[in-house]
Amino acid sequence: MRKSGIFVISAAMSLVCIYGGHTAKDIISVSAAEKIEKTVYVGGMSAGFTLKTGTAQVIGTCEVITENGFCAPAARAGLRAGDNIKKVGGITVETVTELNEVINESKGKCLDFEIERGGKVFNISIQPVLDKNTARYKIGVLVRDCVSGIGTVTYIEKDSGRFGSLGHSVTGENNHEMTVSDGSVYECSIVGVSKGIRGKAGELRGMFLTDKSIGNAEKLCDCGIFGQVSEEFMMDDLMRTVASSDEVKPGSACIYSTINGLEPKRYEIEIVKVDKRNKEHKNYVIRIVDDELIAETGGIVQGMSGSPILQNGKLVGAVTHVFLNDPTRGYGIDIDVMLRE
């Protein structure tokens, strides 16, 4: 059974949104007699993430136009997409700007590059050449130091303001899991949907509202993206509930997700299978049964990862993956796993 993680990465998109639309019947209270459980604000809002990788990551190689014709120093030296450039000439580089400056200042002198590839570190030598058009020394490499994408906020902790989102890792070139040194989170307005069909995942299309940053992304791991909302972010209108998966079982449930504009809505689902011990955090198999959501999206689409799953008024998990052979079905992660991060 094939499946796909559902975080949309797009360098062209630059996005969390204020929640409104939960009903009073969804708000629950916790009595003192019950065991201690974490009270959280339920998410469901689409979020735009701009994540700094803390390194200069190669996304491709190209040719440089010199006085003597075309030249491709990086490709000739064996640099590949997915490589992380750690140091150049003994100087640590973390951004594209830093990398370009070190290369240009070489004035054509051969440089030693420290490269990380697949968890292994090695060195290669590359000689920059003078670009005829810009009069700067280059090696013919396409590099990025951050990625942007759309996901969904799962929860915000009531006392600390810490949020969890996405529910799964983010992979870069060659399916290597990315790390993040820092990042920003923005409100995002969903402006379109490509419906999912059998064999092809659909996706949400969103617009980052870059003047409305709601917090910082501080951690990226196999359970999602985590961080802190800003003090200015208003949480009073968000629904509060208890995060607990102790009593979750196959049966009726719901998710909250945003597929148009800024406001999340409730959609009905069925929890088909519960596997709390799954080592890949595929703790639930879920099925979309909501006719409106199926009509609009075909089921689960990219960008919905992190959509909170509730059962019996409690937050129990988040949507993470879609089955490519059936977009109405997918996986979910146990909320207890996310809260441990």
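The values are calculated or read from the model by the stated rules, or taken from the named source; none is laboratory data. Remember, predicted model here, so these are calculated numbers, not experimental data. Counting neighbours? That spans all protein chains shown, and the Cβs are built from the backbone with ideal geometry, glycine included. Accessible surface areas use protein heavy atoms only, side chains included; no ligands, DNA or RNA. Shrake-Rupley method; radii C 1.70, N 1.55, O 1.52, S 1.80 Å.
A few comments on the model shown:
- The accessible area of Met234, taken with all protein chains in place and a 1.4 Å probe, comes to roughly 110 Å².
- Estimated inter-spin distance, Asp182 and Asn312, nm [label 7 Å along Cα→Cβ]: 4.5 nm
- Neighbour-limited loop hits for trypsin sites (Lys or Arg not before Pro), the stretch 54-127 (at most 13 other Cβ within 10 Å; DSSP other than H, G, I, E, B): Lys107, Lys109
- Net dipole in debye of the chain [+1 Lys, Arg Cβ; -1 Asp, Glu Cβ; about Cα centre; nearest 20]: 1000 debye
- FRET efficiency for Met234 and Asn260, using Cβ-Cβ distance with R0 set to 22 Å, rounded to 0.05: 0.55
- Loop sites in the stretch 54-124: GluC sites (Glu not before Pro), DSSP, at most 15 other Cβ within 10 Å: Glu63, Glu67, Glu105
- Once both labels are positioned 7 Å from their Cα atoms along Cα-to-Cβ, the gap between Lys86 and Arg136 label points is 2.6 nm.
- Summed over all non-identical Cα pairs, the Kirkwood treatment of the chain gives a radius of 21.2 Å.
- Carbon plus sulfur fraction of accessible area for the chain, probe 1.4 Å, in percent: 45 percent
- Rounded to whole numbers, the Karplus 3J(HN,Hα) couplings from phi for the stretch 265-274 are 10, 8, 9, 7, 9, 10, 7, 8, 8, 10 Hz, using 6.51 cos²θ - 1.76 cosθ + 1.60 with θ = phi - 60°, and x at Gly and Pro.
- The share of alpha-carbon pairs in the stretch 32-154 lying farther apart than 20 Å comes to 51%.
- Accessible surface for His168 stands near 10 Å², nearest 10, in the context of the full protein assembly shown (1.4 Å probe).
- The chain, accessible area per residue, ligands and nucleic acids excluded (1.4 Å, Å²): 46 Å²
- Around the amide H of Met239, modelled in the peptide plane, lie the amide H atoms of Val42, all under 5 Å away and 5 or more residues distant in sequence or on another chain.
- In the structure shown, the pairs Lys38/Lys195; Lys38/Lys273; Lys120/Lys276; Lys38/Lys249 are assessed against 28 Å; a Cα-Cα span above that value is assigned to Lys38/Lys195; Lys120/Lys276.
- Separation of the stretch 57-78 from the stretch 120-151 is 9 Å, based on Cα centroids.
- Contour minus Cα-Cα distance for Glu218 and Ile65 (0.36 nm per residue): 51.1 nm
- Computed E for Glu94/Lys276 - FRET, C-beta separation, R0 45 angstrom, nearest 0.05: 0.70
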